Amino acid sequence: MGIFSPPQPAFYVPPIQPPAPPPPPPTPVDPAAERAAAETKARYAAAGGYGGTLLTGGQGVGGTAGVQGKALLGQ
C-alpha cells in the first residue's frame, strides 16, 4: 500500500444472496390414517402402563449385590 494507491476496505464483504424460497405447504393427511395412528398410540399407551418403569419393590433390590474384594493391579 503506497502513498498513491486507492484506499481498500479493511475486510471482504460478500455479496448479498437472495432469500431461499419458502418450503412447500404440508400435504393434507387422510382422516382415516390420523384415526388409525391415534388408536395405535392409545393402544400402546394403555398396554404399557407404569409396570415397565418400576425396577425395584418396596424393600429395594431383591437380588444380591455383585461385590468383589480389593485386588492389586497385575494379579
Enumeration of residues in the stretch 30-69 that are modelled with pLDDT under 75 and surrounded by 10 or more Cβ atoms within 10 Å (Cβ to Cβ): Gly48
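With respect to Pro14, is the statement that it is at pLDDT below 90 and out of contact with any Asp or Glu (no Cβ under 8 Å at 6 or more places or on another chain) true?
yes
The values are calculated or read from the model by the stated rules, or taken from the named source; none is laboratory data. All values reported here derive from a predicted model rather than from experimental measurement. Positions of Cβ are generated from backbone atoms using ideal geometry, with glycine treated the same way; all protein chains shown enter the neighbour counts.
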